[in-house]
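Note sheet for the following structure.
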């Protein structure tokens, strides 16, 4: 690679801004362009979007084709959406213009999970246009899948996997809090789960399939449950107040079955201020395996920062990969590249 | 890959036997041949070597060329030695005969560490003969390097790495115990370090360089210290007795410097029966990074089993790789492949 890598960032929300900031700090990486879906951002300087108090000479484009033409990027990071369907149009425009992509859309962590046909089409398009495409993130993309796979490297046999991620939603605003049912009564939470407004975590099927793909397991089904975490104490953040008896978050679990038994159990209780009831945040992976493996991290790897980092850290792998659609299990380990510590 | 992968195992010691056993259990893998350095093993059936009480129809060869001709292997696992110099002749015979290799020789985890010239020559030979070559193992090869690199994937910036592995040498026999100075007086331990008979851990420079390679760091120097772990209690295993005041093991550390400061600290105290003095075995990784990461496993990942597993689990990556010499940082994550759980 000659000269810095020219990066086009799609998305000017929390994640997109995080990627832009890291692109400014990381040696060897050049923030070449920014695309926003929100029309009102058109023409603003990226420095203003980031609140830097100085211009960066990079104007936000709201036409992706115009952004590509202006930026002439080596690679794009997509931070605009969560679903494959919503990611699709931007991905195809990028590919048709010869731009490789790292997407943090949750469903892109294992696109075949939502649609094997669309995943095949992504792979075909990527090969036709000579680009590589990857979905990643902290979860799905790392803690409950890639790290699990990494630990199986030292196992002769793996019988089952249990991975738990306990985090704190306090930093998050209304969109995330509503998707987890925070502040609802238990009855309203149940209704929200039923009508799809309480979503819980997006990415469990992707993580299960990523693990199964790496281990050569054929999954029979994946069951998911979403239960309210009912607070027994008063919890209050900048964005929400939870009274005793109200819902502080969503305990979302997924259980994947193979050979007639539960082989992958993923547990992800997301709530505001868990420590108020003595709950420590953590990442925890247990492999029922030969040899057995149990690894824990306390506190948990922080989601937002980690997603920004792993997207940027995946860039060299994607630029070095042969054309095609990749998962985290198919590429070398990303690392915090960029030169001296 | 059509049909099972034909594996040639080099080495009939503890590690070689472990690989042979796993080859018998793992679907899709066929124990096609066994090579031993010890002439007295020639012609013995692999089943007898493993004490299975039945023949496997695989006779141990003590000529590597004869073993290759008899086995027609897709891949070889080398479990005969620790150093690059000692591994060299077998590696070149394998490569000249078109056989890809996974080596658990510690110095093969990052061969350029001992000799950049020999590493280049390995890479050239591998390309000339269309084969791929990898060094791996639990340590070096995983806990104090690959797993560290994996965790940096979620970091925007890494300032320094500290990784500790506390293990128990109780299962090991005289060769390993002597190399760690177990049972010596502190004075004899110091003399052993000075004259090279007390070796400590083999692999610290390789782990440091593997991390630096992945992160793009240029190391200035690596300092190693070997200190006696003097027991205050009576410790006794099947192979050694340690009286109070004698040495129970070796606390070996390595510190790697870049930009004038310590950036990688690896700590590996190896001793018999650490729990007798309240010391828990563990693997522990701390990244001074944004975001910070701290992961621990208790007890430690057991060395022997894990090395056998990671060597076998690396086979598909090596068979799918383009010709050349690889490190663990250059290949996709190995996983416990082999079909249903």
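Side notes on the structure shown:
- Normalised convex hull volume, region B:165-239, alpha-carbon set, Å³ per residue: 115
- Folded to 0 to 90 degrees: helix B:116-128 orientation relative to chain B principal axis, Cα: 20
- Three-way shape call for region A:250-341 based on the alpha-carbon gyration tensor, with the a/c threshold at 1.5: oblate
- D_trans [Stokes-Einstein, Kirkwood Rh over alpha-carbon pairs] for region A:193-297, 25 °C, 0.890 mPa s, µm² s⁻¹: 156
- With q set to 0.05 Å⁻¹, the log10 of I(q)/I(0) for the protein assembly as shown, from the Debye formula over equal scatterers at the Cα positions, is -0.25.
- Dividing the Cα radius of gyration of region B:14-60 by its Kirkwood radius returns 0.93 for Rg/Rh.
- Other copies of residue B:25: label-to-label distances in nm, shortest first, labels 7 Å along the beta-carbon direction: 4.4
- Structure-based [θ]222 nm, chain A - -39500 (n - 2.57) summed over DSSP H runs of at least 4, per residue, nearest 500: -8500 deg cm²/dmol
- Cα-Cα separations in region B:69-214 greater than 27 Å, expressed as whole percent: 35
- Over region B:35-74: Rg over Rh, Cα atoms, Kirkwood Rh: 0.98
- Each listed q (0.16, 0.18, 0.29, 0.30 Å⁻¹) maps to a log10 I(q)/I(0) for region A:90-150, found by the Debye formula over equal Cα scatterers with no solvent: -0.51, -0.63, -1.16, -1.19.
- Short-range pairs are left out: with C-alpha atoms under 8 Å and at least six residues apart, the relative contact order of region A:210-341 is 17 percent.
- √(5λ) per eigenvalue of the Cα gyration tensor, region B:21-139, largest first, Å: 26, 15, 14
- Distance from the Cα centroid of region B:12-84 to that of region B:265-327 is 26 Å (rounded to whole angstrom).
- Pairs of alpha carbons in region A:219-270 separated by more than 14 Å make up 59% of all such pairs.
- Reported value for region A:264-312: 118 Å³ per residue, from the convex hull of its C-alpha atoms.
- Solvent-free Debye scattering, log10 I(q)/I(0), computed from the Cα coordinates of region B:294-341 at q = 0.23, 0.26, 0.30 Å⁻¹: -0.96, -1.05, -1.15
- Semi-axis lengths, largest first, of the ellipsoid equivalent to region A:139-190 are 33, 14, 7 Å, with √(5λ) applied to each eigenvalue of the Cα gyration tensor.
- Region B:39-129: relative contact order as a whole-number percent, Cα under 8 Å and 6+ apart: 21
- Label-point spacing at residue A:66 relative to the other copies reads 7.7 nm, in ascending order, each point sitting 7 Å out from Cα along Cα→Cβ.
- Fraction of the pair-distance distribution of region A:2-41 above 16 Å, Cα-Cα pairs, percent: 32
- Going from the residue with the fewest nearby Cβ atoms within 10 Å to the one with the most, B:224, B:25 rank B:25, B:224.
- Each Cα pair under 8 Å and six or more residues apart adds its separation to the average, and for chain B the resulting relative contact order is 19 percent.
- Ratio Rg/Rh, restricted to chain B and using Cα atoms, in which Rh is the Kirkwood radius: 0.97
- Quotient of the Cα radius of gyration of region B:68-125 and 2.2 N^0.38 Å, N being its number of residues: 1.08.
- Taking the label point 7 Å along Cα→Cβ, residue B:243 and its counterparts in the other copies are spaced 7.5 nm apart, in ascending order.
No value in this document is a laboratory result; all are computed from the given coordinates. These numbers were taken from a predicted model, which means no experiment stands behind them. In this analysis, Cβ positions are derived from the backbone assuming ideal geometry, glycine residues included, and neighbour counts consider all displayed protein chains.
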